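Heads up: the structure comes next, in structure tokens.
The values are calculated or read from the model by the stated rules, or taken from the named source; none is laboratory data. Since the model is a prediction, treat every value here as computed from it, not as a measurement. Here the Cβ positions follow ideal geometry from the backbone for every residue, glycine too, while neighbour counts run over all protein chains shown. To get the accessible areas, we keep the full protein, side chains included, count just its heavy atoms, and leave off ligands, DNA and RNA. Shrake-Rupley method; radii C 1.70, N 1.55, O 1.52, S 1.80 Å.
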Amino acid sequence: MKNATIEQLQGVILDSITDGVFAVDESWRIRMFNHAAEKITGVSREEALGRRCCEVFRSNVCERSCVLKETLETQRPIVNRAIYIVNAQGERIPISISTAILKDKSGRVIGGVETFRDLSLVETLRKELYARYTVADIIGRSPVMQACFELMTQVAVTESTVLLEGESGTGKELFARAIHGLSTRDDGPFIAVNCGALPDQLLESELFGYKAGAFTDARQDKPGRFVLADGGTIFLDEIGDISPAMQTRLLRVLQERVVEPLGGVSSVPVNVRVIAATHQSLSELVAQGRFRQDLYYRINVIRLQLPALRERREDIPLLIEFFMDKFNRLQGKDITGVSEHAMAVLMDYEYPGNVRELQNSIEHAFALCRGGMIEVNHLPPTLRGKTVETAPSFAVTGRTLQEYELLHIRDALQRHQGNRKAVADELGINPSTLYRKMKQWNITDLSG
């Protein structure tokens, strides 16, 4: 480095920083493109140099309001503006950009420079912190999940009360947040309450609030969750666990849309949408006399039954890929995939804890796997024990991923009565690819 030129030193310095940096001339052609810019965009320096920047950065502002163009026109730099770009793989990447003008020694403007930072990790952490989920975060391409998505989007634009039923870990709160996010109330608050986790008296004060002096230690007024959710959505999780007395109070709120704080003498009107959820069958609880029938009819305006993970096994590889990408970002690792044997074990397991248990299993594997592929020995003992003790038909008999593919194709053909186009659409492949795979597996019976 002792005899390096100034230009060489500048190049080394630019390639050593983690922010992407590029510069354009007056015709918007890229003249400098550092190593971090290559990594973030997936475009090599050789491909980028000489091309117009809009051809390399397919962002959400290129066509409408180019940030660098704004800087050159206003003569003012821009600092840390958040936008999205699409990388070479077609992935949508959140970035923050800063811009500045390039001038020569005489002060003449000769172009502009832009630095940008990958915010993918920040976006992941933000979602973890605030649990701001959208439909895109609900993973599923199976027919049963597609049916749920279709009903959810239709329901979201209404004001109707929704009842979500499904086993623990099926994503009831995720669906509730998605319904809220797709509704006209999305600018309002989303307030979640786990009704099964609180005793009656505490749940009452949480839902309806209290006035100062209502009980010992009530030194000041406290608004309840219904009031906090005014203008938005309240999510009542595990509603099947509340007591008969609380059911009566809740029925009045839903009927009259007013709440009475503990110790209060007047009612407070509330404008909220109610989404309720339970892991139990409310109709069975009604038949057993454990849940009020009138309350059941009040909350069961639109019912959405969420499937267990074992009922949509074809979504397991998609979910695994999603969780692997998430944990690679959060933990700074580079786990490349799941071995064939480990995938067979993951596909065969029954998942009593559903998607939540699958996520925990992948997180467990990440803790033990230092790099490369996730193997069977990285999986939790509950999954590995099943392989050894019960000798399932999949993993122990050596069933391969190709054989799983055969099973999915046969199942899809049976569901669609041999309609190849419908099957190809469901599986997300080209009809010619489906035909080739059918020929490979000698599938001649189109009914499956």
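Here are some notes:
- Single residue of region 70-94 satisfying the filter (modelled with pLDDT of 80 or more and out of contact with any strand residue (DSSP E or B) (no Cβ under 8 Å at 6 or more places or on another chain)) that is least open to solvent (accessible area, probe 1.4 Å): Thr74
So that you can scan it fast, the table gives a plain yes or no per residue for (1) under 25 Å from Gly140 (Cα atoms); (2) modelled with pLDDT of 80 or more; (3) open to solvent by less than 60 Å² (accessible area, probe 1.4 Å):
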| residue | (1), (2), (3) |
| --- | --- |
| Phe366 | yes, yes, yes |
| Pro381 | no, yes, no |
| Thr397 | no, no, no |
| Gln402 | yes, no, no |
| Arg410 | yes, no, no |
| Glu426 | yes, no, yes |
| Thr444 | no, no, no |
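- A single member of Asn377, Asn430, Asn419, Asn360 is more than 18 Å from Pro143 (Cβ to Cβ) and at pLDDT below 90, and it is Asn430.
- Test: residue in region 157-172 that is modelled with pLDDT of 90 or more and among the basic types (Lys, Arg): yes
- Residue within region 116-135 that is touching a helix residue (DSSP H, G or I) at 6+ places or on another chain (Cβ under 6 Å), within 22 Å of Arg310 (Cα to Cα), hydrophobic (A, V, I, L, M, F, W, C) and modelled with pLDDT under 85 present: yes
- Residues (over 31 Å from the mean Cα position of the chain (by Cα) and either open to solvent by less than 40 Å² (accessible area, probe 1.4 Å) or polar (S, T, N, Q) (or both)) located in region 215-232: Thr216, Ala218, Gln220
- In region 293-324, the residues that are assigned to a loop (DSSP other than H, G, I, E, B) and open to solvent by 60 Å² or more (accessible area, probe 1.4 Å): Val301
- Residue match in region 233-246 (condition: over 20 Å from Ala176 (Cα atoms), touching a residue at least 12 places away in the same chain (Cβ under 8 Å), touching a helix residue (DSSP H, G or I) at 6+ places or on another chain (Cβ under 9 Å) and buried (at least 21 other Cβ atoms within 10 Å of the Cβ)): no
- Segments classed as helices (runs of 4 or more DSSP H), wholly inside region 153-246, with at least 3 members that are closer than 20 Å to Leu262 by Cα: 200-208, 225-228
- Every condition in (1) more than 19 Å from Gly231 (Cα to Cα); (2) open to solvent by 40 Å² or more (accessible area, probe 1.4 Å); (3) among the aliphatic types (A, V, I, L, M); (4) touching a residue at least 12 places away in the same chain (Cβ under 8 Å) holds for Leu203 except the one numbered (2).
- Within region 6-22, residues that are surrounded by 11 or more Cβ atoms within 10 Å (Cβ to Cβ) and part of a helix (DSSP H, G or I) sit with their Cβ atoms under 8 Å from residues that are at pLDDT 85 or above and not charged (D, E, K, R), at 6+ positions apart or across chains, in these pairs: Leu14/Val21; Leu14/Met32; Leu14/Asn34; Leu14/His35; Asp15/Asn34; Asp15/His35; Asp15/Ala36.
- Filtered residues of region 211-270 (kept if of a type in the set (S, T, N, Q) and over 15 Å from Arg298 (Cα atoms)): Thr216, Gln220, Thr233, Ser243, Ser266, Ser267
- Flag: Ile97 does not match the condition of being out of contact with any Pro (no Cβ under 8 Å at 6 or more places or on another chain), at pLDDT 70 or above and part of a loop (DSSP other than H, G, I, E, B).
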